[in-house]
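J.: Sharing a structure with you now.
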Amino acid sequence: MKDDAKSAPTAVIAGAWLPAALWTPTATGRSRLAYLGQDAANHDAALNAASGQCESAPLSELLSAAALAVRSEYIALDAVIAGSEDDLAWQASDLAERNPYTSSLFHDVCALLAALTLLEDKSSGLIFLVENPELALVLGKCAQGRGWNVRFKTGNRLLDAFAGLWPWPRRLRLMLQALKCRHRFLMDLRAKKAVLRRSLPLAAAGSYDLLLSVWADADWPGRARASLSDPFWGALPDYLRRRGKRALILVNALDWSSPFERIVAGVAASGLDAVFPEHCLGLGQAACDALRTLFWRPRRTRRLTLAGLDVEPLFADALRLERAKSRQCFALKYRRLGRCLAARAIRLRGALHLYENQPWEKMLRLGLKKAFPEITTKAYLHVPFSRLYLSLVPSPKDIAARRLPDKLLVPGRRWEEIFIREGFPASRLASAAALRHEHLFDRAPERDWNAARRNVLVVGAIDKAELSDCLAKLQKALRDLPDVRAWVKFHPSMSSLDVAAIADTLAREPEPLVAITKTSIAELLPSMDAVLYTSSGVCYEALAMGCVPVFVGSRIRLDMNKLDWFPDACHTVRSAEQLAEVLAWLCAARPQQARLRLEQGREIMESLFSPVCEAGLAAFL
């Protein structure tokens with residue numbers, strides 16, 4: 001047995017934040033390095049530190065394969081939750097939403113599955129750099145069960161010897177964070193209620209045809225008094241006024257981008273009938289929600305398994321992360337809105353909100369149905385989404401319990417087909433006007449398909465590391481492509497510090513190959529041949545303009561490609577070499593190929609998005 005142990009390959013599982021000196025010497029020979037986390041900057045630093053001693057394991061492809069393999073099973077996650085229909089805290093949680101952006105569980109499970117695939121090859125050692133200690137322990141147990149010698153490197157000798165203690169400092173930090181975030185939530189609510197008392201009383205009693213949910217910043221509603229101009233609802237408000245429909249506006253404040261006081265002032269100045277969720281939530285009620293969610297733990301019928309693996313420790317960790325945020329408290333406040341309005345003699349016939357299937361949407365519909373049993377709730381899919389935006393697909397249990405809008409309006413017939421294929425009841429689906437994509441129906445401008453040079457646009461993501469990775473690949477790909485010119489358009493919500501840092505990096509290149517542009521996307525696209533993107537929806541606009549959409553995959557994160565429903569409509573690359581191949585193909589393409597691409601793109605657009613016309617707008621009523 002001892003001889004077997006000596007001959008077994010070694011897997012080093014180290015904290016991702018540790019300096020390379022603490023884990024590279026433990027490897028014998030040339031080991032493979034896999035980074036299990038989402039911090040791209042830390043990943044790059046680790047690769048540079050281990051240069052020459054380790055080779056990078058192909059994790060991105062394995063992550064994507066794992067995500068698709070476990071997708072359906074993960075969507076049905078609530079099958080193990082006992083009484084999920086009546087557990088409001090579960091329905092209000094990010095875990096129930098299954099959003100990869102707001103809950104770490106899906107990414108951790110996919111990272112575990114990818115790591116297990118790497119463990120199948122025992123020809124060389126493995127070094128796993130892990131951000132989450134809970135994932136490290138589960139991985140270590142799995143590796144030992146597969147015949148690997150496992151060494152933990154935590155930066156602490158005691159924890160190295162007793163690895164089971166490794167997660168405890170993190171668990172204590174999360175508990176402290178849970179207390180702090182609830183205190184902030186209550187203090188924030190008290191301040192917001194004071195602002196509303198001073199500046200904007202609740203709408204007057206009366207009957208309304210529609211409760212219309214909007215997201216507002218300091219510039220909303222943007223037009224004259226008693227009118228509404230909204231970037232999400234487009235032509236709908238004007239249509240409602242022409243039809244004589246009276247709307248009560250539910251204002252969700254984007255107070256992370258604008259001061260709450262300025263948002264309230266803008267709404268008050270508009271003269272619109274409006275209500276904020278904070279109007280309807282008392283401090284005592286909020287304190288009860290804060291305490292309830294602090295100690296909440298959903299009852300389960302069995303331990304959670306995914307892809308045949310016991311991932312209960314990862315589920316428990318996701319619960320701790322859930323409690324360390326106040327998002328449950330945020331969602332729960334919406335269930336009281338219906339009762340509050342009914343108590344103020346406000347009557348509603350219908351409700352309409354944007355559809356992302358977030359917890360607050362479920363709480364809103366639940367509260368409205370309880371207060372107004374005859375109300376019709378509708379939701380509108382306002383943006384295209386990736387197959388891995390799991391939150392937009394309701395679970396079989398949610399569908400069976402009818403925890404859905406009475407009608408889900410989608411912007412085109414192809415989206416209806418997608419939802420039906422995912423199990424959504426056809427009777428609850430309908431196509432409506434593509435309110436945010438009306439410009440796609442404009443005729444593509446004439447262009448010179450015989451131009452000698454090719455133009456490429458990088459559509460920036462909000463995340464700095466994500467955009468930096470994409471630009472680094474492009475810079476390398478362009479070195480042998482003198483006939484390609486490239487520009488980057490920063491995301492308007494990217495922080496000014498991140499923009500400055502990336503601009504400085506581009507300026508310090510010996511041969512700057514990517515220029516920065518502030519021109520609008522609408523003006524840029526007609527002159528572009530290809531659009532590089534990571535998580536942006538601009539890929540659909542690119543199709544409509546005859547551009548080649550190129551999805552640039554991450555090395556360590558899940559692929560959130562909004563065109564992945566239509567794989568033939570885009571190119572997917574993960575390396576500079578693959579990107580160079582696509583751009584070389586683009587340079588060699590003939591004019592007739594480009595014209596055919598434009599025709600095919602327009603055809604796809606017409607099936608995905610319905611024109612903004614009388615019939616399309618009538619679906620909202």
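J.: Amide H to amide H under 5 Å from Thr305: which residues, 5+ apart in sequence or cross-chain, H placed 1.01 Å off N in plane?
T.: Val311
J.: Shifting gears a bit: At q = 0.09, 0.13, 0.18 Å⁻¹, what is the log10 ratio I(q)/I(0) for region 483-613, with the Debye formula run over Cα points and no solvent?
T.: Summing over Cα pairs of region 483-613 leads to -0.29, -0.61, -1.18.
J.: Can I ask one more? What does the charge count near Arg170 come to, summing +1 for each Lys or Arg and -1 for each Asp or Glu among other residues with Cβ under 14 Å from its Cβ?
T.: Every neighbour counted, the sum reads 0.
J.: Cβ under 13 Å from Thr505's Cβ, Thr505 left aside: what net charge do those residues give with Lys, Arg +1 and Asp, Glu -1?
T.: -3
J.: Accessible area per residue for region 287-442 in Å², computed with a 1.4 Å probe and the full protein assembly in place, what is it?
T.: In whole numbers, region 287-442 has 39 Å² accessible per residue.
J.: If you restrict to DSSP beta bridges whose two residues both lie in the chain, what percentage is antiparallel, to the nearest 5?
T.: Roughly 5 percent of the DSSP beta bridges within the chain come out antiparallel.
J.: Give me the net charge for the shell around Phe295: Cβ to Cβ below 14 angstrom, other residues only, Lys and Arg +1, Asp and Glu -1.
T.: +3
J.: In vacuum, with every alpha carbon of the chain counted as one equal point scatterer, what does the Debye formula give for log10 I(q)/I(0) at q = 0.06, 0.09 Å⁻¹? Two decimals, please.
T.: -0.36, -0.84
J.: First compute the accessible area of the chain with a 1.4 Å probe, then give the percent of it belonging to carbon and sulfur atoms.
T.: Carbon and sulfur atoms account for 53 percent of the accessible area of the chain.
J.: Using the heavy atoms of the protein chains alone and a 1.4 angstrom probe, what is the accessible area of region 448-599 per residue in square angstrom?
T.: Accessible surface, normalised per residue, equals 45 Å².
J.: Mean residue ellipticity at 222 nm from the helices of the chain, using -39,500 (n - 2.57) per DSSP H segment of n ≥ 4 over the full residue count, to the nearest 500 deg cm²/dmol?
T.: It comes out at -12500 deg cm²/dmol, rounded to the nearest 500.
J.: List the residues, sorted by chain then number, that are 5 or more residues from Leu348 or on another chain and whose placed amide H is less than 5 Å from its amide H.
T.: So Leu348 has HN proximity to Tyr208.
J.: Lys192: which lysines have alpha carbons under 22 Å from its alpha carbon, excluding same-chain residues fewer than 8 sequence positions away?
T.: Straight-line reach from Lys192, under 22 Å: Lys180, Lys325, Lys333.
J.: Of the listed peptides 370-376, 86-92, 590-596, what is their order by residue-averaged count of other C-beta atoms within 10 Å, with the highest listed first?
T.: 86-92, 370-376, 590-596
J.: Give me the percent relative contact order of the chain, please, defined on Cα pairs under 8 angstrom at least 6 residues apart.
T.: 15
J.: Compute all pairwise cysteine Cβ distances in the chain, then list the cysteines with no distance under 4.7 Å to another cysteine.
T.: Cys54, Cys110, Cys142, Cys181, Cys288, Cys329, Cys470, Cys539, Cys547, Cys570, Cys587, Cys613
J.: Now a separate question. Where does each of 149-156, 32-39 land if you order them by average Cβ count within 10 Å, highest first?
T.: 32-39, 149-156
J.: Using every pair of alpha-carbon atoms in region 153-216, split the distances into 5 Å bins beginning at 0 and state the percent of pairs per bin, rounded to integers.
T.: 4, 12, 10, 11, 12, 9, 8, 7, 6, 7, 6, 5, 3, 1
J.: Quick one: which residues, 5 or more positions from Ala274 or on another chain, have an amide H under 5 Å from its amide H? H modelled 1.01 Å from N in the peptide plane, none for Pro or chain starts.
T.: Counting only residues 5 or more places away or on other chains, the set is Ala203, Ile249.
J.: Still on this structure: Find the percent of Cα-Cα distances in region 510-587 that exceed 13 Å, and round it to a whole number.
T.: 69
J.: Which whole-Hz couplings ³J(HN,Hα) result when phi for each residue of region 530-540 is put into the Karplus expression 6.51 cos²θ - 1.76 cosθ + 1.60, θ = phi - 60°, listed in order with x for Gly and Pro?
T.: 9, 10, 9, 8, 10, 9, 7, x, 5, 4, 6
The values are calculated or read from the model by the stated rules, or taken from the named source; none is laboratory data. Small disclaimer: the values here were computed from a predicted structure and weren't measured. Please note: Cβ atoms are built from the backbone with ideal geometry, for glycine as well, and neighbour counts cover all protein chains shown. To get the accessible areas, we keep the full protein, side chains included, count just its heavy atoms, and leave off ligands, DNA and RNA. Shrake-Rupley method; radii C 1.70, N 1.55, O 1.52, S 1.80 Å.
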